[in-house]
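A short worksheet on the structure shown next.
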Amino acid sequence: MRRSNRIASKATDLPPPLAAHATKRSIGTNGGDGGESDAVGLGSSPKRSKQVKQDHAVIAKKETQKELAGASASTAAAGTTTAEPIIVKAKGKTKKDPPASQLDDRKEGETKIWLMKAEPDSRVVKGKDVKFSIDDLAAMPNGTSPWDGVRNHEAKNIMRYRMKVGDTVLFYHSNTKTPGIAGIAEVAKEAYPDYSAFDPKHPYYDEKSDKDDPRWYMVDVKFKRKLKRLLSLKELQEYKDKELKNMPLLNRGRLSVQPVHQSDLDFILELEQRPAADELS
């Protein structure tokens, strides 16, 4: 709202702090007919009196702030140190905060179980075969390999925030004629940046991933053993409403890294000992 230059003419009739305030506010304002002045007619009504009190409070606050600023400047000039300001964090999560469901909630000494998917059949991307089976893992030096190429944020967050050395891994053959659990591995190294995302020649290159602020992470996985037989997805689905009713694989099948309940692992290891359905027929 525009203010009238007539403020200046009434400034001297006000108490000292308010007079100074009125004069200051008149500087640089665009006066004119009909311009409203917060100094004209002050004290003429209860409403105006209330406004005066409010203005006094505003002025007093501003003066206090000036004095504090001056004191801080003097302290700095004297070479003394003042306490650091308190930084109030805004409500909500920052961009890099993981969702609560991704945070590790294990007890001390507890190990977790995960299911991780890989493709056992050849598939060439950018001239490189991306196949990786349980046998390929076993053939790696020390039976250990980085689990690179995960490009789903939920799966990445599980590796980055929840996986710990010693956790059990169910090695799952995916995107193949007979998908299923093929073997058991364990986490050998906790999350670190997935360097394949930085290489333009790599099948899983991501131009948005920065070495100084990595977007993707991976863990190292170590071979333990192959199952006595492949537990196919079809066979596992037979227990979807019974022993494996809580297994994410049978409810959210597309996620490449998934948690597994201890009860599910126990049943899977028991199922491994049973003959396959086609062997019974």
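The values are calculated or read from the model by the stated rules, or taken from the named source; none is laboratory data. From a predicted model like this one, the values you see are computed outputs, not experimental measurements. Methodologically, a virtual Cβ is constructed for each residue, glycine included, from the backbone with ideal geometry; neighbour enumeration extends over all protein chains shown.
See the values below:
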| quantity | calculated |
| --- | --- |
| Inter-residue pairs, beta-carbon under 8 Å, first more than 20 Å from Asp220 (Cβ to Cβ) and in the same structural domain as Asp129 (by TED's automatic domain parsing) and in the range 195-206, second part of a helix (DSSP H, G or I) and not aliphatic (A, V, I, L, M), 6+ apart | Tyr205/Ser196; Tyr205/Phe198 |
| Residue in the range 106-120 that is of a type in the set (Gly, Ala, Ser), out of contact with any Asp or Glu (no Cβ under 6 Å at 6 or more places or on another chain), farther than 23 Å from Gln237 by Cα and at pLDDT below 95 present | yes |
| Failed criterion for Gly109 (all others in (1) part of a loop (DSSP other than H, G, I, E, B); (2) at negative phi; (3) small (Gly, Ala, Ser) hold) | (2) |
| Matching residues in the range 246-281 - criterion: being of a type in the set (Lys, Arg) and exposed (fewer than 12 other Cβ atoms within 10 Å of the Cβ) | Arg252, Arg254 |
| Any hit, the range 209-219, residues being within 25 Å of Ile268 (Cβ to Cβ), assigned by TED's automatic domain parsing to the domain that holds Glu270 and of a type outside the set (Asp, Glu) | yes |
| Residue match in the range 142-164 (condition: farther than 21 Å from Gly253 by Cα, aliphatic (A, V, I, L, M) and either out of contact with any Phe, Trp or Tyr (no Cβ under 7 Å at 6 or more places or on another chain) or assigned by TED's automatic domain parsing to the domain that holds Arg252 (or both)) | no |
